[in-house]
Each structure stands twice: as C-alpha cells, then as structure tokens.
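Working notes, structure below.
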Amino acid sequence: MNNLIADVVKLLDLEQLEVNLFRGESRDIGAPQVFGGQVLGQALMAASRTVEGRIAHSLHAYFLRRGDFNAPIIYDVDRSRDGHSFSSRRVVAIQHGEQIFNMAASFQVVEDGFDHQIPMPKVPFPEELPDQSQQMKALLERMPERLRRIASKPRPFEFRMVQPLEGKDRAPTRQVWIKAVGPVPDGETLHRCLLAYVSDFYLLDTSTLPHTTSMISDDVIMASIDHAMWFHRPLRVDEWLLYALESPSASGARGFARASVYARDGRLVASTAQEGLLRIAR
C-alpha cells in the first residue's frame, strides 16, 4: 500500500484493551486538534469490532471537545441491543479523563428490498480535472500560517474539484471527486470506516461559499458540532467517489451541510450531513 493510506489503515486498527474497550493513536494533520474524521472512523471501527455478521448502515455523532493528537484516545463501546436483524451500539471517546466525542451506530444483516436512488449530478470525470494539491500549492503563499500548515501536509486521499477553489458570489454547492492515494485491502467495514474518515473534508466549508470569505482566509472560526452518515450500498474508497455537497442554511453562527456520495458508475453509496460552528473572527 501507499505509505499515506497504509498509515490511516493502521490508525483504524485499534488496540483492544478489554471486551468493549479500545485504544487508538492519532496523527498531526496540521490542525491544533485531532482531525474529526479520524475520530469518526476509529469510533465506527470500535463499534464494528463488537458486531458479527452485520454491517454499519448509519451513525450519528457529536464532537464535544478538541482531541489531543499527542495522547491516545480510548473508545468505550456499549452493546445497546442485538435484535433479529439490527444491532445498536453507543461509543464514547475519552481523553484525559473527559469525553471528547460520542456516537450511536446501527448495524444490519444484508437483506434485499426496494431499490431506488436519485441520479448522480452530471459533472466532468476526474481525469478531466486537475489534482487539488496542485491548485493548493499556488495558494499557499497567500494563506495565514495556521491554514498553510494544514494545507501543506500530504493527505492519504486525492481530491479533484469540479469548481475552482476560489471565486465570488458562489452558490452553496460543490462537487469533489475523492479517491485513496493507493489500493486498500478488501473489507466493506474498512472501506466504510475510511469513508467516514474522509467525509469530514470540505463538508462544513461548503457553508462558507456564498459569503465574503474563502478557504484561504483566517476570518472565520469553524468547528464540527455533529456528523451523521448513512451507508446505502457497497463501496470502495480506492476507486473514484463523487462527493456532491450542498449547504441549505447558515444561521446563528452555525452552518449546515449535507452530501451524497456516488460511485463512478452512478450508484448512490452513502449520504452524510453535518452542522458546525461558523463564527466570524473578531
């Protein structure tokens, strides 16, 4: 595997301390706190380790405190219920004796049933678009130091933006092609946990698009408050996925964004939503 994606897979390979207790490491991605997507992916993996014969179909999470990437995170899983077809789990992430995150997740046996979906947006294919990292290099010198440190870190996923990174009077919508930078081992659970990891990129930022700010400015304080995901169909993160994002509302110093995730063949594989702090810096 590529070293960058291999490191994320290693992050998700949690150490089991007890029957329902797991420990995870963290990585410095350039931000002052643990990346929220990492905690999402690790929490989903911890819950998955307590379920057999069922696959995660949804999660609902809250970010409570900043995570410290210099200390391990403990994941305490509560086996809320195992029914005939569904299993429910609650996960609490703990650092320095305090909760930093909690999540509810639901798992289901594989079943057949009704099948329909909304169509994938008509956008250029990823081969027709530039690598986002190349666009970002041109903007690094104009970024504040805090943002430059985040943007200059190598990432385990490749991003190809359908719309330009910058612009004025933008609608609160964007589409981004996403793919792991190298092959990932098989396993639906692993690929869903990795999708949870990468789903925290660009989601809340979509709420800033109509306003007089940009991703290279330092005039807005942003932080995730909650995050929800629904997994609809099998997926692979080492194949191109279209992340189609929109922000229906921003108000009360909060932004709300949601997204659909499509496989390249047009299958809707997942949906996600997030609300976060959008506070004007003074």
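The values are calculated or read from the model by the stated rules, or taken from the named source; none is laboratory data. Quantities reported herein were computed from a predicted structural model and do not represent experimental measurements. In this analysis, Cβ positions are derived from the backbone assuming ideal geometry, glycine residues included, and neighbour counts consider all displayed protein chains.
Annotation: of all residues in region 158-174 being crowded, with 16+ Cβ neighbours inside 10 Å and either of a type in the set (Ser, Thr, Tyr) or in a loop (DSSP other than H, G, I, E, B) (or both), the one that is modelled with the lowest pLDDT is 170.
Residues that are surrounded by 11 or more Cβ atoms within 10 Å (Cβ to Cβ), among the charged types (D, E, K, R) and not in a helix (DSSP H, G or I) were ranked within region 117-156; the one that is modelled with the lowest pLDDT is 153.
Here is a yes/no grid of residues against (1) over 27 Å from residue 179 (Cα atoms); (2) touching a helix residue (DSSP H, G or I) at 6+ places or on another chain (Cβ under 9 Å); (3) surrounded by fewer than 14 Cβ atoms within 10 Å (Cβ to Cβ):
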site	(1), (2), (3)
19	yes, no, yes
24	no, yes, no
42	no, yes, no
46	no, no, no
63	no, yes, no
96	yes, no, yes
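With respect to the conditions (1) more than 18 Å from the chain's Cα centre (by Cα); (2) of a type in the set (Phe, Trp, Tyr); (3) surrounded by 17 or more Cβ atoms within 10 Å (Cβ to Cβ), residue 35 falls short on a single one, namely (1). Six or more apart or on different chains, Cβ atoms under 7 Å: show the pairs whose first residue is in region 233-257 and surrounded by fewer than 17 Cβ atoms within 10 Å (Cβ to Cβ) and whose second is outside any strand (DSSP E or B). Matching pairs, first to second residue: 233/267; 234/188; 239/264.
Residues in region 56-68: is at least one farther than 21 Å from residue 204 by Cβ and either assigned to a strand (DSSP E or B) or among the aromatic types (Phe, Trp, Tyr) (or both)? Yes; the residues of region 56-68 include at least one that is farther than 21 Å from residue 204 by Cβ and either assigned to a strand (DSSP E or B) or among the aromatic types (Phe, Trp, Tyr) (or both). Mind checking which pairs have a first residue in region 93-122 that is under 22 Å from residue 259 (Cα atoms) and a second that is surrounded by fewer than 10 Cβ atoms within 10 Å (Cβ to Cβ) and charged (D, E, K, R), Cβ under 9 Å, 6 or more apart or different chains? Correct list of pairs: 120/265.
Which count do you get for residues in region 66-75 that are modelled with pLDDT under 95 and surrounded by 15 or more Cβ atoms within 10 Å (Cβ to Cβ)? Looking only at that region, the number is 3.
Scan region 19-33 for residues that are at pLDDT below 95 and not polar (S, T, N, Q) and the total you get is 6.
Condition first: more than 13 Å from the chain's Cα centre (by Cα) and either within 30 Å of residue 112 (Cα to Cα) or at pLDDT below 95 (or both). Can you find one or more residues in region 193-202 that meet it? So far as region 193-202 goes, no, none of its residues is more than 13 Å from the chain's Cα centre (by Cα) and either within 30 Å of residue 112 (Cα to Cα) or at pLDDT below 95 (or both). Scanning for something crowded, with 16+ Cβ neighbours inside 10 Å, outside any helix (DSSP H, G or I), polar (S, T, N, Q) and modelled with pLDDT of 95 or more, does region 76-84 turn up at least one residue? Among the residues of region 76-84, not one is crowded, with 16+ Cβ neighbours inside 10 Å, outside any helix (DSSP H, G or I), polar (S, T, N, Q) and modelled with pLDDT of 95 or more, which makes the answer no.
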